[in-house]
Amino acid sequence: MPTTNDYRVKPGSKAKLSDWDPENTAGLDREDAEAKLEANRERIAELQYKMYAEGKRALLVIFQAMDAAGKDSTTRHVFKGVNPTGIEVTSFKKPSEEELAHDFLWRIHKAVPARGSIGVFNRSHYEDVLVVRVEDLVPKKVWSRRYELIRAFESQLRQAGTEIVKIYLHISKEQQRRRLLKRITDPKRHWKFNAADFEARAKWDDYREAYEDALAECSTEDAPWHVVPADHKWFRKYLVSEIVREALERIDPKYPGPEIDPAEAMALVERYD
Ligand code: AMP
Ligand code: MG
């Protein structure tokens, strides 16, 4: 049986994306994976509710990927059953003028989940060593120091009680082509069409190199990266649900006990009845 550990970038190792097959399905069949996804969803909802009640720890799930790899769709499917009060999804776009006037982690820190909550990042501070590097938006001297800043930032979040899960959705260039074309041919997907996606696609190898460095530099024991094969949607959803469920199991939240002795509480009820 495959485990999520098989998809973890071992801290300190080189991350060669060619070692992971985007079409991999770990020998699972689709029906089986869908049943497991369903069970995971329920468990995730249950654990999230407990974590919210406990109010001590938080879970941050970071998604990074090339366009059309399924960041939105995976989020929708995996977190379907979760109480909306305890979850917040943040999509990071091109920084605003105000954001650019601050350090690159400023907007990120403001969006991290509060104790008791799940935060999902659709893109993240990793864009600051990915698109920023590929598009030469700041000098190398600046972006190359960011890996260390990111490790320190994440380690600090961890010490404050936030479990961090980082997921790279690994799509093949051929599969991306098919999905981007659908955005042109399918009227329901027209809104997703963005010419910039094709520009990023043209720089596929540069992005790959930038991703490999980000994964190698920032997969730590505290906050490891996972490479999730993303060509098969059903496998992608299943594997992400496994990774998220396991993270919540590690947090192992507990319902808090009563603040006052139940007998005293009953006495109060009776007194004021
Ligand atoms: P989408 O996720 O399709 O809505 O696109 C968001 C766009 O914002 C992508 O092209 C990202 O590369 C871009 N983006 C996100 N963060 C940054 C950043 N820190 N600097 C520059 N571009 C960014
Ligand atoms: Mg897009």
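No value in this document is a laboratory result; all are computed from the given coordinates. All values derive from a computational prediction rather than experimental measurement. Note: ideal-geometry Cβ built from the backbone for every residue, glycine included; neighbour counts use all protein chains shown.
Glu46 to Asn194: extension gain in nm, 0.36 nm per residue of separation minus the Cα-Cα distance?
Gain in length upon complete extension: 49.5 nm.
When DSSP beta bridges are limited to those with both residues in the chain, what percentage is antiparallel, rounded to the nearest 5?
Antiparallel: roughly 5 percent of the beta bridges in the chain.
Which value in deg cm²/dmol, rounded to the nearest 500, describes the helix-derived mean residue ellipticity at 222 nm for the chain, given -39,500 (n - 2.57) per DSSP H run of n ≥ 4 and division by the residue count?
-14500 deg cm²/dmol
Considering Cα pairs under 8 angstrom that are at least six residues apart, work out the relative contact order of region 159-273 and quote it in whole percent.
39
Among Ala35, Ala200, Ala216, which one shows the biggest mean-square fluctuation in a GNM of the chain, springs joining Cα atoms closer than 10 Å?
Ala35
For region 201-273, which trypsin sites (Lys or Arg not before Pro) are in a loop by DSSP, counting at most 13 other Cβ atoms within 10 Å?
Lys254
Which residue, chosen from Ala111, Asn194, Ala35, occupies the Cα position most advanced towards the positive end of the dipole of the chain, where the dipole is computed from +1 (Lys, Arg) and -1 (Asp, Glu) charges on Cβ about the Cα centre?
Result: Asn194.
Please report, in debye to the nearest 20, how large the charge dipole of region 224-273 is about its Cα centre when each Lys and Arg carries +1 at its beta carbon and each Asp and Glu carries -1 there.
560
In Å³ and rounded to a whole number, note down the convex hull volume per residue for the Cα atoms of region 104-147.
Cα-based convex hull of region 104-147, divided per residue, equals 73 Å³.
What is the dipole size for region 187-230, taken about its Cα centre, with +1 at each Lys and Arg Cβ and -1 at each Asp and Glu Cβ, in debye to the nearest 20?
Around 620 debye, computed over region 187-230.
What are the trypsin sites (Lys or Arg not before Pro) within region 87-182 that DSSP puts in a loop, where the Cβ has at most 11 other Cβ atoms within 10 Å?
Lys93, Arg145
List, in the order given, every pair from Lys182/Lys233; Lys10/Lys71; Lys93/Lys192 whose Cα-Cα distance in the structure shown is over 19 Å.
Lys10/Lys71
Answer rounded, prolate or oblate for region 1-96, using the Cα gyration tensor with square roots of eigenvalues a ≥ b ≥ c: rounded when a/c is under 1.5, else prolate when a/b is larger than b/c, else oblate.
Oblate shape, in that a/c is at least 1.5 and b/c is the bigger or equal ratio.
What whole-number distance in Å separates the alpha-carbon centres of region 87-120 and region 188-260?
One Cα centre to the other: 16 Å.
Separation between the Leu149 and Glu249 pseudo-spin-labels, each 7 Å from Cα along Cα→Cβ, expressed in nm?
3.7
Cα-based Rg (one decimal) and Dmax (whole number) for region 99-177, in Å?
14.4, 41
Report, in listed order, any pair from Lys56/Lys141; Lys56/Lys166; Lys110/Lys254; Lys56/Lys237; Lys14/Lys56 with a Cα-Cα distance greater than 31 Å.
Going by Cα-Cα distance, Lys56/Lys141; Lys14/Lys56 fall outside the 31 Å limit.
Say the dipole of region 123-273 comes from +1 at the beta carbon of Lys and Arg and -1 at that of Asp and Glu; which of Thr162, Ile184, Pro262 then lies farthest toward its positive end?
Value: Ile184.
With a ≥ b ≥ c taken as the square roots of the eigenvalues of the C-alpha gyration tensor of region 19-67, please select rounded if a/c is under 1.5 and otherwise prolate if a/b is larger than b/c or oblate if it is not?
Oblate, because a/c is 1.5 or more while a/b does not exceed b/c.
Mind checking the dipole of the chain: about its Cα centre, +1 per Lys or Arg Cβ, -1 per Asp or Glu Cβ, Debye to the nearest 20?
The calculation lands at about 840 debye.
Answer rounded, prolate or oblate for region 60-138, using the Cα gyration tensor with square roots of eigenvalues a ≥ b ≥ c: rounded when a/c is under 1.5, else prolate when a/b is larger than b/c, else oblate.
Oblate, because a/c is 1.5 or more while a/b does not exceed b/c.
If you add up the charges near Ile164, with Lys and Arg at +1 and Asp and Glu at -1, over every other residue whose beta carbon is less than 12 angstrom from its beta carbon, what do you get?
+1
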